[in-house]
Amino acid sequence: MNALTKTVETGTTAGAPSTIGQILMQRSLVGENDLAKALTFQSTLGGRLGAILIRIGSVSEDNVLEALSFQLGLEVVSTEQMPQEPTIYIETMQASGIEPEWWIDQGAIAWAVDDVTICCICRDPLSTSLQEALSAAFPDKSLIWGLVRNRDLDLMLDLVRRTLADEGRDVSGDVALLRELAEEAPVVELVSNALAQAVNEGASDIHVEPREHEFDIRFRIDGVLQNRLTLPRSRFDAVASRIKLISGLDIAERRLPQDGRIGLRISGKDLDVRVSCLPGVWGESIVMRLLLKEHKHFTLAKLGMSSDQLEVFGRLANEPYGIILVTGPTGSGKSTTLKATLEEIKDGKRKIITVEDPVEYNIPGVTQVQTKADIGYTFARALRSILRQDPDTIMIGEIRDVETAQIAVQASLTGHMVFSTLHTNDALSAFTRLIDMGVEPFLVSSSIRAVIAQRLVRQLCPHCRETHEPPPAIIQKCGELKALFPQLMSDPPRWFAAKGCKQCQNTGYRGRVGIYEMAIVSDELGDLILHQKPLYEMVAVARKSGYRDLLEDGLIKAWQGETSVEEVLRIAGQMGMSDD
């Protein structure tokens, strides 16, 4: 705690450069509209401007604390700087002569740094009454004030509370109390701040996962879950109720899964949040998928398709009829690839209609249809209506059943270009999957033009990546690939490994890029599909048309320095390493 040397005497720092709102605007963290909205809220209901901005989702708590630290000259105290033993705080509370309940109500804790110094952190270090009370309680001590994240303060306050009273109140069965807790400012700020922080860090999902004594809040960033916060289990019910409340779910129902959605404006961005609640042993697991509503222009080249794949795929996508399938697991970027494809073929001369569940990206100039399974408006039913709309190109969000597959096939055979997704591990398994669904083999071989399988691998952080020599087996495999694809693998190779720095939050990676395998349905491959030949025969024929699997495409990208060999093997596996 040697770094904590600033004090607060009057609630402001002499010579402060500007107000908190101005600092945030100067740093482009809030816009004028958000600031005006917060000021209106403040003039009506009072409160600190920074807390209001966090509560309405305009900015994250970390950004507000950095601005306050600059304005007030106070340090932001991290959990590492705070004592982890609650009895230390209780001893200081008792030494003050003030009841511990008062400290907890004030949202304040303190501890002795040395014989003459007391460090104080609280929700509002500018509170005059709090400063006067503690100055009177410790007349012969030097008070040091610091800023703290609400979640860190709440964690310590809860430890103190649990130490003072071994058992707390059980709110799990009281719906009215749950609703009341969900509306309390600390809970509202915690949920709003988690959403804002996730958006700022580029997370795709937020996971709220209860355990026996704690619960975790984790962000999925670049496809990997990262823990951001661990809080006492006693606070979980209020947090879960808050999420349910704003997403239109039943806060009293905990036995059955529930799905909801939230429309929010977070950190100046419009956001659509899909919420899923799943009952578990220690409580409901809650996952929030974050979808930005703003229009982003994607291109296949930016997504990671190599030049040879782009050339072939661009030609096939502009064909007048047929089916092109994109396969892969959930979260592998299939919808983004299809969106980029529609963006590239959109020329104002075609009628393009999509049927999706949900509509994740808005595409100007394209008619997009949202299915509603709860009222019977399924993919198959929507497709029948779409075909009466005189479309040229149709995009189906996913082929889930034989009825949808058969309609897609019939549409392709009657002069429509159809794009869709399918859940398979690789490209060539898509043919077997459709036949297993119930589509006749001759329809599969005659309607499908190409199948693309894809995954997303993390890109190396350009600030900290370091040169690295891969194992001999990898070098040998890449030598074989270079003989097949010399235009993609120029000398010398650029092998790198992940290291980790502040820019990438010590992960070694920033952003993701796609790896692809593309199977073109030639006459020879179509004949194998028709006669339901085994997969290895299809692979041998597909390689004549430039086919390479996910592992091979990933190793090419590792050779080019975009990602690491370790990341490619994590995503694509090592099965291809034994092949000659």
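The values are calculated or read from the model by the stated rules, or taken from the named source; none is laboratory data. None of the values given here were measured: they were computed from a predicted structure. Cβ atoms come from the backbone with ideal geometry, glycine included; neighbour counts cover every protein chain shown. What goes into the accessible areas is simple: the full protein's heavy atoms, side chains included, and nothing from ligands, DNA or RNA. Shrake-Rupley method; radii C 1.70, N 1.55, O 1.52, S 1.80 Å.
Assorted remarks:
- Where no second cysteine Cβ lies under 4.7 Å, the cysteines concerned in the chain: CYS119, CYS120, CYS122, CYS277, CYS478
- Estimated distance in nm for a label pair at ALA136 and GLN503, the labels positioned 7 Å out from Cα along Cα-to-Cβ: 5.4
- Fully extending the segment from ALA252 to LEU387 would add 44.3 nm, taking 0.36 nm per residue of separation and subtracting the current Cα-Cα distance.
- Residue order for TYR321, TYR377, TYR509 - accessible surface, 1.4 angstrom probe, largest first: TYR321, TYR377, TYR509
- If you take all other residues with their beta carbon under 12 Å from the beta carbon of TRP282, and give Lys and Arg +1 and Asp and Glu -1, the sum is -3.
- Among beta bridges identified by DSSP and lying wholly in the chain, the antiparallel ones come to about 65 percent.
- Distribution of pairwise C-alpha distances over the range 216-331, 10 Å bins, in %: 10, 29, 28, 18, 12, 3
- Mean-position separation - Cα centroids, the range 334-356 and the range 265-330, in angstrom: 13
- Size descriptor, Kirkwood hydrodynamic radius, that averages inverse alpha-carbon separations across the range 301-426, Å: 14.8
- What a 1.4 Å probe finds exposed on the chain is 49% carbon and sulfur by accessible area, rounded to a whole percent.
- Helix 236-246 vs. the chain, principal-axis angle (Cα, 0 to 90°, nearest 10): 60
- Solvent-accessible area of ASP491 with every protein chain in place, 1.4 Å probe, in Å² to the nearest 10: 110
- Restricting the range 208-249 to trypsin sites (Lys or Arg not before Pro) that sit in a DSSP loop and have at most 14 other Cβ atoms within 10 Å of their own Cβ leaves ARG211.
- Cα gyration tensor shape of the range 438-520, rounded if a/c is under 1.5, else prolate or oblate by comparing a/b with b/c: oblate
- Taking packing as the residue-averaged number of other Cβ atoms within 10 angstrom, the listed peptides 532-538, 452-458, 182-188 run from highest to lowest as 452-458, 182-188, 532-538.
- One entry in (1) 1.16; (2) 1.21; (3) 1.04 is Cα Rg over 2.2 N^0.38 Å calculated from the shown coordinates; its label is (1).
- Here's the list of aspartates and glutamates a cross-link from LYS141 could span, going by alpha-carbon distance under 18 Å and ignoring same-chain residues fewer than 8 apart: GLU9, GLU91, ASP114, ASP115, GLU132.
- Estimated inter-spin distance, VAL402 and GLN22, nm [label 7 Å along Cα→Cβ]: 7.2
- Residue (of ALA137, LEU190, GLY47) at the positive-pole extreme of the range 46-195, dipole from beta-carbon charges: GLY47
- Each peptide in 393-405, 104-116 was scored by the mean count of other Cβ atoms within 10 Å over its residues; highest first, the order is 393-405, 104-116.
- When only alpha carbons are used to place a centre, the range 176-206 and the range 424-443 end up 43 Å from one another.
- The GluC sites (Glu not before Pro) of the range 265-312 that meet both conditions, a loop assignment by DSSP and at most 12 other Cβ atoms within 10 Å of the site Cβ, are GLU294.
- Each peptide in 409-417, 352-360 receives the mean, over its residues, of other Cβ atoms within 10 Å, and ordering these scores from highest gives 352-360, 409-417.
- Label point at VAL281 placed 7 Å out along Cα→Cβ; residues across the range 193-215 whose backbone nitrogen lies under 19 Å: 208-215
- Only protein heavy atoms count here; on that basis, with a 1.4 Å probe, ASP527 has an accessible area of about 80 Å².
- Distance violations [Cα-Cα > 23 Å] among LYS293/LYS349; LYS346/LYS544; LYS244/LYS293; LYS477/LYS557; LYS244/LYS334; LYS37/LYS269: LYS293/LYS349; LYS346/LYS544; LYS244/LYS334
- In Å², nearest 10: area of ILE56 left accessible to a 1.4 Å probe: 40
- Rounded to the nearest 20, the size of the Cβ-charge dipole of the chain about its Cα centre is 1620 debye, with Lys and Arg at +1 and Asp and Glu at -1.
- In the context of the full set of protein chains, residues of the chain present 47 Å² of accessible surface per residue (probe radius 1.4 Å, heavy atoms only).
- The label point for TRP102 and the one for GLU180, both projected 7 Å from the Cα toward the Cβ, are 2.5 nm apart.
- Distance between the range 87-161 and the range 495-567 - C-alpha centres, whole angstrom: 57
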